[in-house]
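Okay, so here's the structure we're looking at.
The values are calculated or read from the model by the stated rules, or taken from the named source; none is laboratory data. Quantities reported herein were computed from a predicted structural model and do not represent experimental measurements. Positions of Cβ are backbone-derived with ideal geometry, glycine not excepted, and every protein chain shown enters the neighbour counts.
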Amino acid sequence: MIKINLAREGRAVRGAGAVPGMAAVAAVGAAAPSNINNLLVIVGLVAGLVVGGGWWVIEKQKLSSKRDEVASKQVEAQRLEAIIKEVEGYQRQKESLQRRIDLINQLKQNQKGPVKIMDRISQDLPDLVWLDKMTMSGGLITINGRGLNPNAIANFVENVKNDPLFEEPDLSSVNQASVTPLVYTFDMTFHFSYAPKPEAGAAGAATTTGTAGGTTTTGTTSTSGSAPKK
């Protein structure tokens, strides 16, 4: 007679069935660290992308701000350049107008200058002296004249010297031209100015005394080369 212990077989069966379950749990436990590492890698990549993207956005905003600032500076520079050109144009117009005004004033001065100079020389010129030729070049006057005696010529030189419009005269030569009548020729140069000298002497007609003629006379002028009136 054969006896079978069913309880022991049942326990053996239950024991055999429990082995695969434990193996699965062990496999899951072994795979857990790998999944965490993968998750950490993913999280790191995402964080890197977020940080990189944020940095890129900030730098892009900075670059855009710099570009806007440069564009604004360029617009301001163009505006200032236009103003500078306009000011330079006004300056050129002002200088051109000033040159025209100066030229007009100079022409007016030149027009009345010879008349004024002739009038002053006429006042400085005594009797016994007359002019043969007078030239004006710039601010220099050259006179060629004649006189009846050297003292009369010296008086004319002194009158020119004391005239506020004339500088120190240079009497370059005095020569006897004839004996009968006794006539002397002279050459004289001096500078003139339309503005009187600060230390000018008395203006107006100069009163001189001719020693040869023994008379006191006021200056007269003759530019035609004829003899003076007696």
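The residue that is farthest from VAL115 (Cα to Cα), counting only those in the stretch 129-187 that are charged (D, E, K, R) and either out of contact with any strand residue (DSSP E or B) (no Cβ under 9 Å at 6 or more places or on another chain) or surrounded by 20 or more Cβ atoms within 10 Å (Cβ to Cβ) (or both), is ARG146. All conditions but one from (1) modelled with pLDDT of 90 or more; (2) over 30 Å from GLY138 (Cα atoms) apply to GLU95; the one that does not is (2). Given the structure, is ASP124 surrounded by 10 or more Cβ atoms within 10 Å (Cβ to Cβ), in contact with a helix residue (DSSP H, G or I) (Cβ under 6 Å, 6 or more places away or on another chain) and not β-branched (Val, Ile, Thr)? It is true that ASP124 is surrounded by 10 or more Cβ atoms within 10 Å (Cβ to Cβ), in contact with a helix residue (DSSP H, G or I) (Cβ under 6 Å, 6 or more places away or on another chain) and not β-branched (Val, Ile, Thr).
Residues of the stretch 80-113 that are under 21 Å from the mean Cα position of the chain (by Cα) and charged (D, E, K, R): GLU81, LYS85, GLU86, GLU88, ARG92, LYS94, GLU95, ARG99, ARG100, ASP102. Going residue by residue through the stretch 88-101, is there one that turns out to be β-branched (Val, Ile, Thr), surrounded by 15 or more Cβ atoms within 10 Å (Cβ to Cβ), assigned to a helix (DSSP H, G or I) and without any contact (Cβ under 8 Å) to a residue 40 or more places away in the chain? No - not one qualifying residue is present in the stretch 88-101. Considering the stretch 157-168, and only residues there that are without any contact (Cβ under 8 Å) to a residue 40 or more places away in the chain and touching an Asp or Glu at 6+ places or on another chain (Cβ under 7 Å), the residue that is nearest to VAL129 (Cα to Cα) turns out to be VAL160. Look at the stretch 121-149: where a residue is more than 19 Å from PHE166 (Cα to Cα) and a partner is of a type in the set (Val, Ile, Thr) and not in a strand (DSSP E or B), sitting 6+ places away or on another chain with Cβ atoms under 9 Å, you get ASP127/THR220; LEU128/ILE153; ASP132/THR223; ARG146/ILE153; GLY147/ILE153; ASN149/THR211.
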